[in-house]
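Values quoted throughout were computed directly from the atomic coordinates according to the rules given, and no laboratory measurement underlies them. Bear in mind that the values here come from a model prediction, so they are computed numbers and not experimental data. Here the Cβ positions follow ideal geometry from the backbone for every residue, glycine too, while neighbour counts run over all protein chains shown.
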Amino acid sequence: DVKVTQSSRYLVKRTGEKVFLECVQDMDHENMFWYRQDPGLGLRLIYFSYDVKMKEKGDIPEGYSVSREKKERFSLILESTSTNQTSMYLCASSFALGSEKLFFGSGTQLSVL
Amino acid sequence: QKEVEQDPGPLSVPEGAIVSLNCTYSNSAFQYFMWYRQYSRKGPELLMYTYSSGNKEDGRFTAQVDKSSKYISLFIRDSQPSDSATYLCAMSHDSGNTPLVFGKGTRLSVIA
């Protein structure tokens, strides 16, 4: 069964801390995505990557960076967390960019105190 | 104007009811239309996928696309408590080379 695995289910951090969120997919997908999901705001795309070492900004990249050193792994980095980054973070992957099924991980609920 | 508009609900219906979930969009270049279902504390999963206009049926679920009105719908017949979830519409441009654009999701509760 296809799988997108996120490293943590829940995280609690203090403002100013650095956070790495890791995502691994086992489907040999070209494309990987990071979203955040907030009540009333829906899913918002932070960054995506269509190839190893390639990245593109999504709709809300400010305060975030990403790394994709290997095809199966896509990391989201919060250099200095702030309370407004408290959110559910969802990783996804797909074979093609816009016309194919997205496979999502179960999400990481990040709370920044 | 947002590219994709979706009524957030929440929507509460009795078991067995017919449910209609809808999205409108503004970009006529959208050609691929999807519905994702998201259970509580889980990631979304693809429920229905249609290309261009028309209807698609899968069991109790029917997806409709009306490109002339820029309107898509998901119908759930004989709704069950297990259908309680958030439903997100998603769509992408005809090139298929840009990420999906999501609606904000509609939260549905089916009461037994």
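Below are the figures for this structure:
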read-out: Residue order, fewest to most beta carbons within 10 Å, for A:F95, A:F33, A:F48; value: A:F95, A:F48, A:F33
read-out: Spin-label pair B:K56/A:V52, simplified geometry with 7 Å Cα→Cβ offset, distance in nm; value: 3.3 nm
read-out: Over chain B, relative contact order from alpha-carbon pairs under 8 Å, at least 6 apart, %; value: 37 percent
read-out: Estimated dipole of the protein assembly as shown in Debye, rounded to 20 [Cβ of Lys and Arg +1, of Asp and Glu -1, Cα centre]; value: 480 debye
read-out: Residues of type lysines that A:K13 reaches as a straight line, Cα spacing below 29 Å, ignoring anything fewer than 8 places off in the same chain; value: A:K3, A:K53, A:K55, A:K57, A:K70, A:K71, B:K42, B:K104
read-out: Test item: A:36-45 mean partner chain Cβ contacts at 10 Å; value: 5
read-out: Unit charges on C-beta of K, R, D, E only; dipole of chain A, Debye; value: 280 debye
read-out: Shape category assigned to chain A from the gyration tensor of Cα positions, a/c cut at 1.5; value: prolate
read-out: DSSP bridge orientation in the protein assembly as shown - percent antiparallel, rounded to nearest 5; value: 90 percent
